[in-house]
Amino acid sequence: MTFGEQPAYLRVASDLREKIVNGALPPHTRLPSQARIREEYGVSDTVALEARKVLMAEGLVEGRSGSGTYVRERPVPRMIARSGYRPDKGASPFRQEQTAEGARGTWESSSEQEGASPETAERLGIEPGDRVMRTHYVFREAGEPIMLSTSWEPLAITGRTPVMLPEEGPLGGCGVVDRMAAIDVVVDNVAEEVGARPGLAEELLALGGVPGHVVIVIGRTYYASGRAVETADVVVPADRYRIAYHLPVR
């Protein structure tokens with residue numbers, strides 16, 4: 001095989017990737033062994049190993065202990081809807097958006113107080129160490145984990161009120177807008193920043209992903225008259241889901 005300026009291991013990985021994509025190497029097929037790759041492409045063991053590592057990092061193949069490396073089933077990406085409109089009273093944004101998509105979503109959560117980290121404090125416009133309520137969420141669709149979220153709310157706003165715990169009390173699970181309205185805090189703006197990065201080990205474990213997989217991260221902050229009242233990081237596996245925004249035209 002003739003190689004150009006591109007490193008040999010990337011050329012090998014590219015050719016194997018094409019075979020996976022076009023079906024020549026279908027899901028659950030054993031990837032050619034390192035020795036086979038070396039012979040077929042006329043490369044060294046090191047190049048063959050690096051090519052396999054590339055495919056594994058891309059999530060196209062997976063190693064099975066004592067058996068070899070196999071082509072993974074490629075999931076068809078599904079949509080997670082996000083809306084720019086205020087949900088109906090009494091319904092969380094996640095529940096409303098799942099209903100709009102004809103899906104059945106559930107979630108689990110846990111809350112605890114902590115001192116704000118420098119990053120969290122900057123996002124909320126408070127001092128590092130100020131007390132916040134941190135809440136972890138695992139969102140599921142038909143039992144499958146599809147999204148993680150960690151939110152932080154300043155206890156200077158919600159402390160000693162009926163909405164101090166986001167998922168408990170009369171407005172538990174109703175979403176930030178309605179919960180804040182119950183304590184006379186009117187949310188009038190929300191900002192979201194969307195990015196991507198390799199998933200953390202604990203995130204991929206919770207989401208059923210493979211080490212090295214990329215996740216979509218949505219940094220969301222709710223504001224009331226310019227004051228941040230909640231900020232959150234939403235994490236979604238990029239290989240299985242796409243984020244669909246439904247925004248009103250004004």
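The values are calculated or read from the model by the stated rules, or taken from the named source; none is laboratory data. Computed from a prediction, not measured in an experiment: that's the story for all the values here. A quick note on method: Cβ atoms are made from the backbone with ideal geometry, for glycine too, and the neighbour counts reach across all protein chains shown. Just the protein is used for accessible areas: all its heavy atoms, side chains included, with ligands, DNA and RNA removed. Shrake-Rupley method; radii C 1.70, N 1.55, O 1.52, S 1.80 Å.
Tell me the per residue accessible area of the chain using a 1.4 Å probe; a whole number in Å² is fine. Before the final figure, lay out each step's value.
Numbers: 13600 Å² over 250 residues.
Using a 1.4 Å probe on heavy atoms only, each residue of the chain averages 54 Å².
For region 115-250, what number results from the quotient of the Cα radius of gyration and 2.2 N^0.38 Å?
Dividing the Cα radius of gyration by 2.2 N^0.38 Å gives 1.10.
Ranked from highest to lowest mean number of other Cβ atoms within 10 Å per residue, what is the order of the peptides 151-158, 68-75?
So the order, starting with the most tightly packed, is 151-158, 68-75.
Using only the Cα atoms, what convex hull volume per residue in Å³ does the chain have?
Looking at the chain, the number lands at 181 Å³ per residue.
Under a Cβ-Cβ cut-off of 11 Å, what is the net charge of the residues other than G115 that fall near it, where Lys and Arg count +1 and Asp and Glu count -1?
On the way: positive: R131, R134; negative: E114, E127, D130.
With Lys, Arg at +1 and Asp, Glu at -1, the net is -1.
For a quick check: with amide H placed at 1.01 Å from N, whose amide H comes under 5 Å from R72's, ignoring anything fewer than 5 positions away on the same chain?
Counting only residues 5 or more places away or on other chains, the set is H28, V61, E62.
If I model a spin label at I243 and R227 as a point 7 Å from the Cα along the Cα→Cβ vector, what separation in nanometres do I get?
Output for this residue pair reads 2.7 nm.
Take the solvent-accessible surface of the protein heavy atoms, probe 1.4 Å, and return the percent of it on region 113-238 that carbon and sulfur atoms account for.
Accessible surface attributable to carbon and sulfur in region 113-238 totals 54 percent.
Before anything else, pin down the relative contact order of the chain: Cα pairs under 8 Å, at least 6 apart, normalised by residue count, whole percent.
18
With a sphere of radius 14 Å drawn around the Cβ of K53, what net charge do the other residues whose Cβ falls strictly inside it have (Lys, Arg +1; Asp, Glu -1)?
-2
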